[in-house]
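Please read the structure below before turning to the comments.
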Amino acid sequence: MTTIDPRRRMLLRCVGGLAGITALTPTALLTACKDNAAAGTKREGAGHYGLENGPFDVDIRLRARPDTVPILPGTPSEVWRYTAELRNGPADTITPVGDSYTGPLIRLRRGQRFHARLENSLPEDTTVHWHGLHVPPDVDGQPRLPIKPDEAMTVAFDVRDRAGLYWYHPHPHGPDGGRVGFQSYAGLAGPLVIEDEAERALGLPAGDQEMILVLQDRRFAGDNELTYIGSGMGTMMTRMRGFLGDRILVNGQPDSAREVATRPYRLRILNGSNSRIYKLAWSDGRPMTVLGTDGGLLAAPRQYPFVALAPAQRIDLWVDLSANDPGDELRLLSDSYQAGMMDNMMGGGMMGSGMMGGADLPAGTRVPLLALRVTRRERGKERLPERLAEDLQTPPVERDTPLRRFKLGMVMMRGFAINGRRFEGATVADHEIVPLGHTEVWEFVNDSMMPHPMHVHGLQFAVVGREQIGGRRGWSGLAAGLVDSGLHDTVLVLPGERVRVALTFADFEGLYLYHCHNMEHEDNGMMRYYRVRS
Ligand code: C2O
Ligand code: CU
Ligand code: CU
């Protein structure tokens with residue numbers, strides 16, 4: 001057992017814990033006050049939102065708290081993490097993900113009434129956002145409804161979404177900027193799966209043959225402390241580019257490997273990284289067989305040479321090992337690509353690594369993610385279905401469907417913005433008011449030198465157009481892996497691209513967010529509210 005220097009804790013407590021540290025200060029250690037974690041029942045101070053009346057099919061308690069977990073050999077690392085407890089509902093609603101900080105897998109069924117008590121045992125405000133879910137604004141975990149330290153909020157909603165992999169993470173944004181990047185980085189993020197009958201009837205690989213994988217990059221200091229934004233001249237550049245760690249963790253663990261049999265597997269992957277884009281590929285060069293995306297299954301499986309997975313995106317893969325032999329090893333890796341001038345400049349070369357916040361594992365570096373070690377021969381009965389979802393409906397686009405344009409660019413000295421505007425809390429411009437029940441096409445035009453994974457809260461959209469209209473600014477090697485079929489809540493818009501998505505604002509009125517899911521971009525203002533109005 002390694003003990004943690006109590007003086008360091010004391011010092012941080014004296015300056016007000018982490019609350020006083022913004023995401024942009026020099027290296028922030030994730031040390032937090034254990035007293036806080038030990039605090040008992042939380043006050044209901046943060047209120048109740050959503051469905052008033054039960055009975056609820058599922059009731060959970062989800063707590064965000066500091067903890068210490070082993071990640072690398074040696075000293076355990078201090079993290080912030082979610083822990084959950086099932087108060088009512090099917091026993092498989094909550095299962096741990098690996099043996100680290102990753103939030104537990106929450107498994108829901110379409111049609112359930114869900115109730116959760118969200119407890120904040122952190123030294124700063126937080127929220128819990130259900131990324132990708134079609135839920136009313138007040139239970140969406142938006143920054144306008146924070147949960148203060150030692151308070152609890154209860155939320156309740158109907159599970160309406162298609163079967164798929166979603167996720168949950170914090171979404172606080174205070175006067176000093178967003179804390180999404182910091183809090184997620186500290187460990188607050190977990191996967192959420194929705195199941196339904198139609199999906200189950202397909203007989204896709206399940207149990208041990210279904211892997212839920214959360215990809216995140218992290219950087220560790222001498223004593224295995226997680227470190228976030230670096231100090232000095234690098235800070236500004238890192239803010240602009242987004243945080244990059246120097247090692248990749250899968251479900252909070254390094255050097256991931258799984259023992260597998262000679263049968264098909266289903267890999268459901270979430271990119272939970274702050275800014276890194278993965279170019280997912282197989283080490284033996286076989287194509288990626290895609291079953292689904294953010295919003296669930298495709299109509300039929302599709303093959304890609306590789307898959308570009310941007311922050312917040314999910315991909316559902318089929319991989320068949322029945323032609324392999326025991327002793328074989330198939331590796332999932334992130335293949336190399338060109339990541340623009342900014343990264344080349346920072347990644348060593350002309351500026352020198354470190355000084356400008358250069359990453360030791362620059363974007364676009366080829367790196368192994370997960371080894372599948374074939375250890376036994378087994379005959380699987382699963383066959384890749386020819387057809388998957390029968391219920392895949394994309395928003396109807398007609399000739400007169402309104403088009404709304406969003407220019408992704410820079411504002412001088414202040415970073416990235418959407419149509420020249422940066423986050424201003426719960427205010428919306430006229431341009432950001434959309435009619436309830438209607439379908440629109442939103443066009444994202446990327447006139448900047450960075451890719452922007454654009455995310456819209458509260459719905460799933462279809463990608464209906466992608467065009468190259470300007471220079472790629474040194475970004476190349478990802479385009480053939482952009483999976484635009486199916487439904488999405490996050491779409492990668494590369495430099496020089498114009499991407500159109502079709503979305504329907506169904507069921508709920510009120511405020512939602514849309515933003516870049518590069519967490520440093522989002523925290524630094526590349527985020528806005530939109531309002532659904534009847
Ligand atoms: Cu992953 Cu605004 O959310
Ligand atoms: Cu979201
Ligand atoms: Cu961005």
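Please go through region 447-465 and pick out each residue that is over 14 Å from ARG531 (Cα atoms), assigned to a loop (DSSP other than H, G, I, E, B) and within 16 Å of ligand 2 (Cβ to nearest atom). Outline the logic, then answer.
The first filter runs over region 447-465 and keeps only residues over 14 Å from ARG531 (Cα atoms), leaving 447-455, 460-465.
Right, trim to assigned to a loop (DSSP other than H, G, I, E, B) and you get 447-451, 460.
Listed by number, the list holds a single entry, GLN460.
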Restrict the check to region 126-135 and report whether at least one residue is touching a residue at least 40 places away in the same chain (Cβ under 8 Å) and surrounded by fewer than 21 Cβ atoms within 10 Å (Cβ to Cβ).
no
Can you name every residue in region 457-483 that is within 21 Å of GLY292 (Cα to Cα), without any contact (Cβ under 8 Å) to a residue 60 or more places away in the chain and open to solvent by less than 40 Å² (accessible area, probe 1.4 Å)?
VAL463, GLY465
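When region 403-420 is examined, which residues are found to be assigned to a strand (DSSP E or B) and either over 19 Å from GLU432 (Cα atoms) or open to solvent by 20 Å² or more (accessible area, probe 1.4 Å) (or both)? Don't jump to the end; show me each part of the working.
Keep residues of region 403-420 that are assigned to a strand (DSSP E or B), which gives 403-411, 415-418.
LEU403, ARG404, ARG405, LYS407, MET410, VAL411, GLY415 - these are the residues of region 403-420 that are assigned to a strand (DSSP E or B) and either over 19 Å from GLU432 (Cα atoms) or open to solvent by 20 Å² or more (accessible area, probe 1.4 Å) (or both).
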Those residues of region 74-93 which are hydroxyl-bearing (Ser, Thr, Tyr) and more than 12 Å from GLY252 (Cα to Cα), in sequence order:
THR75, TYR82, THR83, THR93
All-but-one check, GLY141 against (1) within 16 Å of ligand 1 (Cβ to nearest atom); (2) touching a Leu at 6+ places or on another chain (Cβ under 6 Å), failing number (2)
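Would region 431-446 turn up any residue that is out of contact with any helix residue (DSSP H, G or I) (no Cβ under 8 Å at 6 or more places or on another chain), assigned to a loop (DSSP other than H, G, I, E, B), within 16 Å of ligand 1 (Cβ to nearest atom) and not charged (D, E, K, R)?
As a first pass, look at region 431-446 and keep what is out of contact with any helix residue (DSSP H, G or I) (no Cβ under 8 Å at 6 or more places or on another chain): 431-446.
Okay, now just the ones that are also assigned to a loop (DSSP other than H, G, I, E, B), so 436-438.
Filter once more, so that each one left must be within 16 Å of ligand 1 (Cβ to nearest atom): none.
No, because not a single residue in region 431-446 is out of contact with any helix residue (DSSP H, G or I) (no Cβ under 8 Å at 6 or more places or on another chain), assigned to a loop (DSSP other than H, G, I, E, B), within 16 Å of ligand 1 (Cβ to nearest atom) and not charged (D, E, K, R).
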Quick one: which strands (runs of 3 or more DSSP E) lie wholly within region 493-534 and hold at least 3 residues that are within 14 Å of ligand 2 (Cβ to nearest atom)?
510-516, 527-533
Run down LEU105, LEU86 and say which single residue is in contact with a Ser or Thr (Cβ under 8 Å, 6 or more places away or on another chain) and open to solvent by 30 Å² or more (accessible area, probe 1.4 Å).
LEU86
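How about region 188-207: which of its residues are open to solvent by less than 10 Å² (accessible area, probe 1.4 Å), closer than 19 Å to ASP294 by Cα and aliphatic (A, V, I, L, M)? Before you say what the answer is, go through the steps one by one.
To start, the set of residues in region 188-207 that are open to solvent by less than 10 Å² (accessible area, probe 1.4 Å) comprises 188-194, 205.
This time we only want the ones that are closer than 19 Å to ASP294 by Cα, so: 189-194, 205.
Answer for region 188-207, where residues must be open to solvent by less than 10 Å² (accessible area, probe 1.4 Å), closer than 19 Å to ASP294 by Cα and aliphatic (A, V, I, L, M): ALA189, LEU192, VAL193, ILE194.
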The number of residues in region 171-187 that are open to solvent by 10 Å² or more (accessible area, probe 1.4 Å), among the small types (Gly, Ala, Ser) and within 16 Å of ligand 3 (Cβ to nearest atom) is 1
List the residue pairs whose Cβ atoms are under 7 Å apart, where the first residue sits in region 503-518 and is open to solvent by less than 10 Å² (accessible area, probe 1.4 Å), the second is hydroxyl-bearing (Ser, Thr, Tyr) and within 12 Å of ligand 3 (Cβ to nearest atom), and the two are 6 or more positions apart or on different chains.
HIS517/THR490; ASN518/SER275
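The values are calculated or read from the model by the stated rules, or taken from the named source; none is laboratory data. What you see is a predicted model; the values in this text were computed from it and never measured. Because the Cβ atoms are built from the backbone with ideal geometry, glycine has one as well, and the counts that use them run over all protein chains shown. Keep in mind that these areas ignore ligands, DNA and RNA; they rest on the heavy atoms of the full protein, side chains included. Shrake-Rupley method; radii C 1.70, N 1.55, O 1.52, S 1.80 Å.
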